[in-house]
1. Would you grab the residues whose amide H sits under 5 Å from the one on Ala72? Only those 5+ places off in sequence or on another chain, please, with H modelled 1.01 Å from N.
2. Across the Cα atoms of the stretch 97-207, what radius of gyration and what greatest pairwise Cα-Cα distance (Dmax) are found, in Å?
3. State the extension gain, in nm to one decimal, for the chain segment bounded by Glu461 and Arg372, taking 0.36 nm per residue of separation less the distance between their alpha-carbons.
4. Order of Lys469, Lys342, Lys237 from fewest to most other C-beta atoms within 10 Å?
5. Sort Thr417, Thr25 so the one with the fewest other Cβ atoms within 10 Å of its own Cβ comes first.
6. I need Val281, Val463, Val450 ordered by Cβ neighbour count within 10 Å, fewest first.
7. Would you mind checking which residues have amide H under 5 Å from Val223's amide H? H placed 1.01 Å from N; only 5 or more apart, or other chain.
8. When we measure straight from the Cα of Lys342, which lysines land under 29 angstrom away, once same-chain ones fewer than 8 places off are left out?
Amino acid sequence: MTDAIGIEAVGTYVPRRRLSAEAVTEAWNRFDGAGIRQTSVPGPDEDSLTMAAEAARRALDESDVEPSDLEALVFATTTPPLEESDLSVRLGEFLGVDEDATHTLLTGSTNAGVRALTTALADDDGPTLVVASDAPRGKPDSALDHAAGAGAAAFVLVPDGPAAIVDRADYASDYPGTRFREPGSTTVDSLDITPYDRSAYTETIRGAVENLDVDPSSMDVVVLQAPNGGLPYRGAKAIGVPSDVVESHAIVHDLGDLGAASVPLSLANALVDGADRVLAVGYGSGATATALSVEQSGPVTGEVDLEGEESISYTAYLRLRGEITNGEPAGGGAYVSVPSWKRSSPQRYRLEAGRCPACDALNFLPRGACRRCHELVEYEPAQLEPCGTIEAVSVISQGGAPPEFAELQARAGDYATAIVAFDGTDGGVASAPLLVVGTDPNSVAVGDRVEATVRRIYTQEGVTRYGLKVRPVD
């Protein structure tokens, strides 16, 4: 079976921090993440939604597709920041996707990332963006948490794209208790019955592959769901392929279990590396598996960067995930209502500014009197570039943070806030105050070049306010 829509470009994102198996072993006198050397750790202001936005923007930048051209957006994750809310809509707002595009959220299973790609195949009339992003967590002393990582992958699909999904198949068999998350819990759990878990994995993986009209041994690369670093090789044996075709583009050993993003990120890695034929198989507890046969007839654009920048201690890991902090403050500090935040979302998410028709100056935010000529005008829409230059910087130390940022400081320590001058796409400059992430706050200096990235700002009334922060340009 051949579909007219194929993958044109990919984008990926992996947090910069790494937690080593040795650091976990030092804390617990054991490490239960089989076959994993280290895991990727999200920052205190990162979640599956912010990572999805980062990967999606990179994929769109690598393609010829503008966000407003997208016919559909599919977002897959097992760890949405809110249990009941279609966060594909929020992701679309981050990116500037039109309101009339089809928005779909898939969750509840680590197989959601592969199913997101099959969902996209149902609409071959126009460009589609598929994003899988995840940051699973278990109880701190569990094998699930020892294996847990974080990351995201995005795919731009267009008619006649160079990487086509030529066949797909599913298999399902009831295996209750293999991996689940109870209502109200932020952590996944398992009955931890090893032979039972292995049987669920190998049976469903093998069943999905057998339902494909392809020979697994003919594939250049095989990408299998990786709850840890051992199960993919059991899966390889079950479907009759050598372990090296799995290992060649496996990411689990240095990033950990990426949940719904596990197979998509490995698939992106294989496609960018030029693999002509890829077998990708997702798996989710329940238990289900979805297998895809992907053939690449031309180059897929994109870059896959899996390197980490900072190794952290286990204590730092617990602090970053909020295990040893007090949580969000009950009140105080700056208050912005959700409706007010919504009205300014184009500015907060996409740096939309205004140009004064009287003096041609850029204004950010585009409301009130012009900052240059002081005329009260109706601004003309203008767009700022996502990169800018720091004009002023301050480092906020313990006790100096306003209440809404107290939890951020408790998790991450001192942080830098800066005035950043952004260039307009049609000339001019506008400045905005933003927090700086991704670097030692004491290393930030006037004149540094930075780029905007979507992050969590703070949470009030149970609703997280998202917006832009900046990080150093490599």
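1. Here the answer is Thr102, Leu129, since their amide H atoms fall under 5 Å of that of Ala72.
2. In Å, with Rg to one decimal and Dmax whole: 16.8, 48.
3. Details: separation 89, 0.36 × 89 = 32.04 nm, distance 3.68 nm.
Between Glu461 and Arg372, full extension yields 28.4 nm more.
4. On the way: Lys469 22, Lys342 10, Lys237 14.
Going from sparsest to densest Cβ surroundings: Lys342, Lys237, Lys469.
5. Working: Thr417 19, Thr25 14.
With the sparsest Cβ surroundings first, the list reads Thr25, Thr417.
6. Working: Val281 27, Val463 13, Val450 24.
So the residues, fewest neighbours to most, are Val463, Val450, Val281.
7. So Val223 has HN proximity to Leu279, Ala280, Val281.
8. Straight-line reach from Lys342, under 29 Å: Lys469.
Every read-out reported here was derived from the displayed coordinates using simple, explicitly stated rules and does not represent laboratory data. Here the structure is a predicted model, which means the values were calculated and not measured. For neighbour counting, all protein chains shown are included, and Cβ atoms are generated from backbone atoms with ideal geometry for every residue, glycine included.
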